[in-house]
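The values are calculated or read from the model by the stated rules, or taken from the named source; none is laboratory data. Keep in mind the model is a prediction, meaning the values are calculated, not measured. Every residue, glycine among them, receives a Cβ derived from its backbone with ideal geometry; neighbour counts consider all protein chains shown.
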């Protein structure tokens, strides 16, 4: 398939729209939390699970989704994921209680784990070799535009009714399925026909146990859940060592660079997820901004990354990954520190925009070298799996941050409705996130050689 052909452009539009729906959903949920809590009478733990139920399912199953596509056909599994995501979004929009809403979000996460890996896999396997990088570049750029516009659309829909923010996924999903019809089917003839059942079971048990413990602490169930999660983690390591076709080949982590950069990914994306969550709640509850205004506040970050992220990759190619990654982390930490000084009633141009712009500049220097370094540290035949592991690590980072940060800053129960309490928790959370980024910078400096390409 060639990019200049109508079929090629249609496939590109299909993958961008399918991935864009998932990106939009993540943006919308952060902005919608205060409204969901008010309508469904939910406490903070319930709202945490609105995000974490989705992220838990996605982080646990994203590697399985990729392997299912290789085995049964990428187009078929992408279609399953898209249809499932649309149906789960309808259930989310109709949910009358916080418990049913969390259940529907888990179903969304399962569907997203089938949909997400298929986008790039279809482009990689369907396009002519001369057009593959062009197609992936166009996918990245177009999706960047969609990501930048997501907070505006999400904030506008939440301002009308938070349920509309999930209803919109139904027509978008149907459009993706219609566009997908003529796409060619591809699969990996060498794909293993054996599923790692132990890994499939132990991964969600590990993440669910640890997340539950952090969310409900200091309740008695927190200790039990934490112990179950840690035991499942140990059992996962033992099982993966013995598995003949492991979901996560632990031998990859024998490479010092691969292990270090995945740990850096955990710190950076935990800080990013936690800061975006608390910023969205702070601007609405403490500052009194509308959902549209709160969503629009982060648009400059996406715009900066849209135009500059590729430059960070070019710089890393010329001088090595360590310098731009460390510099990017320091700039990102400076942006978080600026946001920490915002007063209870901030002005966008003075108190919010400078910090958001610095975050965008820092991430532009950081993200492309981070991803490239992870792929370069793995053997070529395992580059897809290495990318999937790194993606799962970034999702897990967001899961743990949303569970742990409210505990660390003392925000619980109904306190998220109280403006001064949210403002205090917001400032503390920004400093915690700043510290995580600085840890990532230190680990990058120690873990990479100066001219690591």
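Got a sec? Which of 309, 294, 333, 329 is touching a residue at least 40 places away in the same chain (Cβ under 8 Å), within 21 Å of residue 449 (Cα to Cα), touching a helix residue (DSSP H, G or I) at 6+ places or on another chain (Cβ under 9 Å) and assigned to a helix (DSSP H, G or I)?
None of the other options fit; the residue is 329.
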Which one of 253, 278, 258 is in contact with a helix residue (DSSP H, G or I) (Cβ under 7 Å, 6 or more places away or on another chain) and without any contact (Cβ under 8 Å) to a residue 60 or more places away in the chain?
253
Unique residue being buried (at least 20 other Cβ atoms within 10 Å of the Cβ), modelled with pLDDT of 90 or more and within 16 Å of residue 441 (Cα to Cα) when the list is 332, 339
332
Residue check, residue 410 assigned to a loop (DSSP other than H, G, I, E, B), touching a helix residue (DSSP H, G or I) at 6+ places or on another chain (Cβ under 8 Å) and farther than 22 Å from residue 207 by Cβ
yes
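To keep it simple, each residue is scored yes or no on (1) assigned to a helix (DSSP H, G or I); (2) in contact with a strand residue (DSSP E or B) (Cβ under 7 Å, 6 or more places away or on another chain); (3) under 25 Å from residue 110 (Cα atoms).
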{"site": "342", "(1), (2), (3)": "no, no, no"}
{"site": "349", "(1), (2), (3)": "yes, no, no"}
{"site": "364", "(1), (2), (3)": "yes, no, no"}
{"site": "369", "(1), (2), (3)": "yes, no, no"}
{"site": "373", "(1), (2), (3)": "yes, no, no"}
{"site": "393", "(1), (2), (3)": "yes, no, yes"}
{"site": "397", "(1), (2), (3)": "yes, no, yes"}
Would you check if residue 66 is in the same structural domain as residue 20 (by TED's automatic domain parsing), at pLDDT 90 or above, surrounded by 24 or more Cβ atoms within 10 Å (Cβ to Cβ) and farther than 30 Å from residue 416 by Cα?
no
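Every residue, every condition in (1) outside any helix (DSSP H, G or I); (2) in contact with a strand residue (DSSP E or B) (Cβ under 6 Å, 6 or more places away or on another chain); (3) in the same structural domain as residue 338 (by TED's automatic domain parsing); (4) closer than 30 Å to residue 353 by Cβ, yes or no:
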{"position": "213", "(1), (2), (3), (4)": "no, no, no, no"}
{"position": "221", "(1), (2), (3), (4)": "no, no, no, no"}
{"position": "228", "(1), (2), (3), (4)": "no, no, no, no"}
{"position": "233", "(1), (2), (3), (4)": "no, no, no, no"}
{"position": "257", "(1), (2), (3), (4)": "no, no, yes, no"}
{"position": "265", "(1), (2), (3), (4)": "no, no, yes, yes"}
{"position": "274", "(1), (2), (3), (4)": "no, no, yes, yes"}
{"position": "279", "(1), (2), (3), (4)": "no, no, yes, yes"}
Residue check for residue 324: part of a helix (DSSP H, G or I) and closer than 28 Å to residue 35 by Cβ
no
Looking at 291, 324, 379, which one is modelled with pLDDT of 85 or more and under 30 Å from residue 251 (Cβ atoms)?
324
Counting only residues in segment 119-133 that are within 15 Å of residue 68 (Cβ to Cβ) and modelled with pLDDT of 75 or more, the one farthest from the chain's Cα centre (by Cα) is identified as 122
So which residues in segment 419-453 are loosely packed, with under 15 Cβ neighbours inside 10 Å and outside any helix (DSSP H, G or I)?
449, 450, 451, 453
May I ask you to say which residue of 440, 447 is within 30 Å of residue 65 (Cβ to Cβ) and modelled with pLDDT of 85 or more?
440
Conditions (1) modelled with pLDDT under 90; (2) buried (at least 17 other Cβ atoms within 10 Å of the Cβ); number of the one not met by residue 283
(1)
With surrounded by 20 or more Cβ atoms within 10 Å (Cβ to Cβ) and more than 20 Å from the chain's Cα centre (by Cα) as the only criterion, which of 311, 322 stands out?
322
Breaking point among (1) assigned to a loop (DSSP other than H, G, I, E, B); (2) at pLDDT 75 or above; (3) over 25 Å from the mean Cα position of the chain (by Cα), for residue 190
(2)
Within segment 345-358, can one find any residue that is under 19 Å from the mean Cα position of the chain (by Cα) and either at pLDDT 90 or above or surrounded by fewer than 17 Cβ atoms within 10 Å (Cβ to Cβ) (or both)?
yes
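This table checks each residue for (1) surrounded by 22 or more Cβ atoms within 10 Å (Cβ to Cβ); (2) more than 13 Å from the chain's Cα centre (by Cα).
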| site | (1), (2) |
| --- | --- |
| 2 | no, yes |
| 7 | no, yes |
| 12 | yes, yes |
| 25 | yes, no |
| 40 | no, yes |
| 47 | yes, yes |
| 58 | yes, no |
| 73 | no, yes |
Go over the candidates 174, 143, 152 one by one and state the one that is at pLDDT 80 or above, outside the structural domain of residue 356 (by TED's automatic domain parsing) and closer than 20 Å to residue 22 by Cβ.
174
